[in-house]
1. Please enumerate the residues belonging to region 60-88 that are under 23 Å from Ser131 (Cβ atoms), of a type outside the set (Lys, Arg) and open to solvent by less than 20 Å² (accessible area, probe 1.4 Å).
2. Among the residues of region 94-132, which ones are farther than 30 Å from Ser171 by Cα and acidic (Asp, Glu)?
3. In region 116-163, which residues are open to solvent by 20 Å² or more (accessible area, probe 1.4 Å), among the β-branched types (Val, Ile, Thr) and either farther than 21 Å from Tyr101 by Cβ or at pLDDT below 90 (or both)?
4. Search region 39-54 for residues being more than 16 Å from Asp88 (Cα to Cα) and part of a strand (DSSP E or B), and hand back the single one that is farthest from the chain's Cα centre (by Cα).
5. Could you please find all residues in region 164-191 being crowded, with 16+ Cβ neighbours inside 10 Å and without any contact (Cβ under 8 Å) to a residue 60 or more places away in the chain?
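The values are calculated or read from the model by the stated rules, or taken from the named source; none is laboratory data. Computed from a prediction, not measured in an experiment: that's the story for all the values here. Here the Cβ positions follow ideal geometry from the backbone for every residue, glycine too, while neighbour counts run over all protein chains shown. Areas reflect the complete protein model, heavy atoms only, side chains present, ligands, DNA and RNA absent. Shrake-Rupley method; radii C 1.70, N 1.55, O 1.52, S 1.80 Å.
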Amino acid sequence: MKNTLTKVLLTTLLAGSAWSAEISDYKFDTYSLLGFEGGYNTFDVERNAPPAAARITKYNFGHAGIKIGAQSENYRLFLSARYYDAQDFDYATTLGAELQYMFNFSSMMNFYLGVNTGIANMRFIDGGTTSRTISDPYVGGDAGFNIHLGEMADLELGARVMSIQAENVISNVTYKFDTIVSGYASIIFKYKMD
């Protein structure tokens, strides 16, 4: 009799714990994310060659990127890689991470604010003769809207600022690489995590 009561009690506890796990207040949906991004950017580069006055050149160019990440109810984290198609640059890329907080004000969309950081790698051609290379960290912020296209995809429309603050000095000529400001759109595919 004692063994039977023990078995019934153990079975009841196991079934009860499985049932309570299904209705737990602490359970929340998480997703794996895969995103494809395209955007338009402005970038200021200052050339300082004394005794001449400093000259700032503004570059406008597009970019493409891919990002992977994870999302909970209010937070999203991405690891990203972007390629910038910039005139006078042999290459311009960034590798970074973005952490965002989402304001879920509607079932159709949400608003997000975030911070970003990473490494900017660029090679710039100075007047067609001198190659200038930077590989420097950046920090910044981003904001935008996620429009829900369904349960498994979002359209993201956002703006991003990345402050590089890098310098390259060759033959007493200094180039300062400042801030990239971007407007972008992304398609984000969401995969359910268990």
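1. The answer is Phe61, His63, Tyr84, Ala86.
2. Scanning region 94-132 gives a single hit, Glu98.
3. Result: Ile119, Ile125, Thr129, Thr130, Thr133.
4. My answer is Asn48.
5. The answer is Ile164, Ala166, Asn168.
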